[in-house]
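Below: one structure, written as structure tokens.
The values are calculated or read from the model by the stated rules, or taken from the named source; none is laboratory data. Note that this is a predicted model, so its numbers are computed, not measured. Note that each Cβ is placed from the backbone with ideal geometry, even for glycine, and that neighbours are counted across all protein chains shown.
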Amino acid sequence: MNGFLADKYGRRPLVVVGGVAYVLVAIISTWLPNLSAVLGARFLLGAAHPLVMNSGYILAMEASEPRLRTALGITLYLPWALGAMALGGLAYLLRNWRALQLAISVIGVAMFPVFWFMDESPRWLMVTGKHERALKVLKKAAKWNKVALPPENELLALMKEELPPSKSDTSARDIKSLPKFSLTNALILLSIVIQVP
């Protein structure tokens, strides 16, 4: 589902919406009155997590050059791994679960300013036919990296020639196959749960 939404609406909107929703639900769950509400909030966090992580990963891979992708992929997931390792020590210091939840949730607010400077994937913009926006992102990247781009008319011609807008029926087929795919996954998970003693 995440891939379908990222292809339809873009990578950046999913990262922004997912990131804001994740942090807000995590902070709000600090004050929830009962276990059912906390479990509902955890479900929402589980739904928002792939929006941020997967869409962010795709965006980073599409915006970076191939030689840096391995290091970038590791760097993107490193804060999560380090945070998971530090969680035990933090839980030892903060014995109240609400204080612990608030402490680990408020850290996410630090990523909000990044959303303001984040650009959409130029590759996604080109594939969807938004060539002018893609050119603007490429110019910004070239300025930051202190490199020269080919002339604007050549870039636009290359985008239109090599990457025409994808208006095929593949997205319609994806939507039609989604219920069958979801049902198949649900049945597989159910069979696993039934087999576990």
Study note, to complete from the structure: If we ask which residues in the stretch 43-68 are exposed (fewer than 14 other Cβ atoms within 10 Å of the Cβ) and part of a helix (DSSP H, G or I), their number turns out to be 5
**Study point:** Filtered residues of the stretch 1-32 (kept if closer than 20 Å to Ala103 by Cβ and of a type outside the set (A, V, I, L, M))
**Key:** Gly19, Tyr22, Ser29, Thr30, Trp31
Check your understanding: Would you say Glu120 is of a type outside the set (Gly, Ala, Ser) and surrounded by fewer than 17 Cβ atoms within 10 Å (Cβ to Cβ)?
Key -> no
Practice item. Output the residues belonging to the stretch 110-160 that are closer than 20 Å to Arg11 by Cα and among the β-branched types (Val, Ile, Thr). Key: Val114, Val127, Thr128, Val137
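Identify, from the list Leu72, Leu76, Leu100, Leu135, the residue that is closer than 23 Å to Thr30 by Cα and either touching a Pro at 6+ places or on another chain (Cβ under 7 Å) or surrounded by 12 or more Cβ atoms within 10 Å (Cβ to Cβ) (or both).
From the options Leu72, Leu76, Leu100, Leu135, the qualifying one is Leu100.
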Exercise for review: Would you check which residues across the stretch 152-182 are over 24 Å from Ser64 (Cβ atoms), exposed (fewer than 12 other Cβ atoms within 10 Å of the Cβ) and at pLDDT 80 or above and list them?
Suggested key: Asn153
